[in-house]
2 protein chains.
Amino acid sequence: MSAKNAFYAQSGGVTAVINASACGVIETARRHKDQIANVYAGRNGIIGALTEDLIDTSQESDADIAALRYTPSGAFGSCRYKLKSLEANRREYERLIEVFKAHDIGYFFYNGGGDSADTCYKVSQLSEALGYPVQAIHVPKTVDNDLPITDNCPGFGSVAKYIATSALEASFDVRSMSKTSTKVFVLEVMGRHAGWIAAAGGLIEDHDIPVMILFPEIDFDQARFLATVKEKVERFDFCTVIVSEGAKYPDGRFLAEQGTRDAFGHAQLGGAAPVVANMVKDATGYKFHWAVADYLQRAARHLASKTDVEQAYAMGRAGVEFALAGHNAVMPTVKRLSSNPYAWEVGEAPLSEVANVEKFMPRDFITEDGFGITPICKEYLIPLIQGEDYPPFEHGLPKYVTLKNVAVECKLKPFTI
Amino acid sequence: MSAKNAFYAQSGGVTAVINASACGVIETARRHKDQIANVYAGRNGIIGALTEDLIDTSQESDADIAALRYTPSGAFGSCRYKLKSLEANRREYERLIEVFKAHDIGYFFYNGGGDSADTCYKVSQLSEALGYPVQAIHVPKTVDNDLPITDNCPGFGSVAKYIATSALEASFDVRSMSKTSTKVFVLEVMGRHAGWIAAAGGLIEDHDIPVMILFPEIDFDQARFLATVKEKVERFDFCTVIVSEGAKYPDGRFLAEQGTRDAFGHAQLGGAAPVVANMVKDATGYKFHWAVADYLQRAARHLASKTDVEQAYAMGRAGVEFALAGHNAVMPTVKRLSSNPYAWEVGEAPLSEVANVEKFMPRDFITEDGFGITPICKEYLIPLIQGEDYPPFEHGLPKYVTLKNVAVECKLKPFTI
């Protein structure tokens, strides 16, 4: 069998370690040139495949590819673009196969979350039907940690470490100021549907910080929340609140949607943090501060979890190894063998069981009152934030790589998406 | 001369490295037990002195005092409490002297910004007049970097490193998503009067990131701002905006004060970041994200500047050395000898010249268009963020110290502040 080319694309929101997976894919492929001639990356994700905008990764030096391991963001560009169902848009699937054919692509590595697992699965099912078999492998990535089967998702451990560290540091700050100043600190974190990231904030409880968490999985009970804040402040003189962007009222409205209007009557897009902070102020009069970490949390490669980086790389490498072993329509997974001491190995899941399944926080990971995490949740989380893996610094700032991203020559007619 | 005790207090907003100054004070005092018998710290800053709530630092182990060097926040508690003028409140100054007398305190080390320099100066002037001479030394601290004479203030370098790193990482994130998603990222940073922290965000320009800064020193020109954002997005497909919390309109109104009302008609305390982000969205339709770093930035000891930590420690040590050499009413300073290679030494400033002087960004540190920083500003900033000085980690989180903070027995009647 002559060597085929591979296609690799990054999908959806990027993370601190998605490039470590890219590094794992490309470095492993480079060690198997007899089977994988070259890796073409999609510029801006799957859009690059559809528009035949492919990046020739062979133009990048080994050193630059190695630097992907410690560079956050998506080095080739990512996109939020979900392929519709085959019935609704057969044209796009056919185009993908056309591009794969034109560039002799026999392997499709798709690095993303739930939506891209679904796309990847469809590609695996379709390609043979369309007369051009491609092995489709999904490489898991999502800060939301909501993919099924895998114990955890690369990207999550680093956000968890960042949020727990930041919440700890800010809480120390508030604790030292609470006598005359701030008593309540509210930190908003990502996670529209699942509260995994918010849960990580709960780890600071073991550092003597009074902390409350507002999960998307638990309906927000304003009266009980305010009473508990008061109780904590009366006891500790301060309190930290971690609020998920997806926290919502029993009627389904997000906390962040307050129907707020600015001076000109425009609807104001608020965050959940200022809403919660002002709510506390109105009810108790406590001084507050709030922060919205937003992209800072998922881009914070400077504070990545070493475990997360290793797993992200391992998922990329395993994806290529599965492909070389002839597997199709699968996703490498993290399989936990033990929590303490932590041990894991690479597992494998069929994409048919991954696509369109979302994993929420189990109820027994959340304390009965709904505002904290339980010991089994801590046992789950702690290994994932273990270890530091600092990037190199130059002139005081991290020295991240920007690739050359040279385009492969087009062979087809333009395609409009 | 028999050994006297020293009083040390932390004042105002805490930083990632104010405890490194405390460490410098206490470790240096411990090496001179013949002259300084013990260091008493004020619990919650100067309030601890007024209420005779003193902490006996001799109860802390050498290891715990050494751990202050890498622990953010104020280990003894800080406060926002400005002593009024002598005329308005002679009672409080007299009380301070009474407490100092009762506890045989001959040295007053006050670790803070501009307000505390003023208090420290008054104490130095007063103590002799009240018949109990105390040597008063101010140890500089402020993330705002607005103290005069000293080249920079301990606390600032670490915030600057954090903001530049975070802005760089988030900008990489936005750059990889801009094709289909976020094009404008807005990061709000501290600095109500002076734009030093915002300026640090400008350092990412040298990493090929299109960045704009909104300084408190430059009146906000909305039309020109929006036009420049558009220009940058058209050219680079994305743009990062660093907005100082103190950015304001020509009429003096803060951008953050939008007269916003929530659904119940309550005034909504917004941040400047969501205001700017929504303004961009309304004018251009670009997708945006915004973050408010708030306490995260000044507490981020995990990413402290090594230069900043060393200087914070050196200021504490020099304060004690000045006192032991018989100086009074002075502040140690950082004196820059050269920028490239960076060299500095400890200087000394009379408090009469420090008190009530605020140092703003020089106009020639800001580009002519008002949205960027100039090469001389970069030359000033870069040395201050040099070097990393990571805290130890345990179970995935920084291992910061919480002191025992044992109270000294009271000798006086209670005092109401």
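The values are calculated or read from the model by the stated rules, or taken from the named source; none is laboratory data. Worth saying up front: this structure is predicted, and the values here are computed from it rather than measured. With ideal geometry, Cβ positions are generated from the backbone for all residues, glycine too; neighbour counts draw on all protein chains shown.
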Please determine, by comparing only the residues of the stretch B:100-158 that are farther than 21 Å from B:L381 by Cα and charged (D, E, K, R), which one is nearest to the chain's Cα centre (by Cα). B:D115
Which helices (runs of 4 or more DSSP H) does the stretch B:114-232 wholly contain that include 1 or more residues that are in contact with a strand residue (DSSP E or B) (Cβ under 7 Å, 6 or more places away or on another chain), of a type in the set (V, I, T) and within 14 Å of chain A (Cβ to nearest Cβ)? B:156-177
Among the residues of the stretch B:349-398, which ones are among the small types (G, A, S), part of a loop (DSSP other than H, G, I, E, B) and closer than 23 Å to B:T150 by Cα? B:A355, B:G387
Within the stretch B:371-379, is there a residue that is touching a Lys or Arg at 6+ places or on another chain (Cβ under 7 Å), in contact (Cβ under 8 Å) with a residue 12 or more places away in the chain and of a type in the set (D, E)? no
With the condition kept exactly as written, say whether any residue in the stretch A:410-417 is touching a residue at least 24 places away in the same chain (Cβ under 8 Å) and either within 14 Å of chain B (Cβ to nearest Cβ) or not in a loop (DSSP other than H, G, I, E, B) (or both). yes
Only one residue in A:R95, A:R30, A:R69, A:R91 is out of contact with any Asp or Glu (no Cβ under 8 Å at 6 or more places or on another chain), charged (D, E, K, R) and within 30 Å of A:L303 (Cβ to Cβ). Which one? A:R69
If we keep just the residues of the stretch A:278-334 that are more than 9 Å from chain B (Cβ to nearest Cβ) and at positive phi, which is surrounded by the most Cβ atoms within 10 Å (Cβ to Cβ)? A:A329
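Table: residues versus (1) modelled with pLDDT under 95; (2) hydroxyl-bearing (S, T, Y); (3) over 16 Å from A:M212 (Cβ atoms).
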| site | (1), (2), (3) |
| --- | --- |
| A:L255 | yes, no, no |
| A:L269 | yes, no, yes |
| A:K281 | yes, no, no |
| A:T307 | no, yes, yes |
So, in the stretch A:367-417, exactly how many residues are of a type in the set (V, I, T), touching a Ser or Thr at 6+ places or on another chain (Cβ under 7 Å) and under 21 Å from B:P392 (Cα atoms)? 1
Selection from the stretch A:88-113 of residues that are in a strand (DSSP E or B) and either not hydroxyl-bearing (S, T, Y) or not assigned by TED's automatic domain parsing to the domain that holds A:Y313 (or both): A:I105, A:G106, A:F108, A:F109, A:N111, A:G112
Could you run through the stretch B:109-150 and say how many residues are among the acidic types (D, E) and under 19 Å from B:A198 (Cβ atoms)? 2
Residue count, the stretch A:115-149, condition closer than 15 Å to A:V357 by Cβ, surrounded by 23 or more Cβ atoms within 10 Å (Cβ to Cβ) and not acidic (D, E), comes to 10
Return yes when B:L83 is at pLDDT below 95, more than 30 Å from B:K306 (Cβ to Cβ), surrounded by fewer than 24 Cβ atoms within 10 Å (Cβ to Cβ) and within 14 Å of another protein chain (Cβ to nearest Cβ) and no when it is not. yes
Which ones in the stretch A:18-55 are within 12 Å of chain B (Cβ to nearest Cβ), on the phi < 0 side of the Ramachandran plot and either part of a loop (DSSP other than H, G, I, E, B) or of a type in the set (F, W, Y) (or both)? A:R43, A:T51, A:D53
So which residues in the stretch B:199-214 are more than 17 Å from B:M279 (Cβ to Cβ) and either surrounded by 22 or more Cβ atoms within 10 Å (Cβ to Cβ) or free of Cβ contacts under 8 Å to residues at least 60 places away in the same chain (or both), if there are any at all? B:A199, B:A200, B:G201, B:G202, B:L203, B:I204, B:H207, B:D208, B:I209, B:P210, B:V211
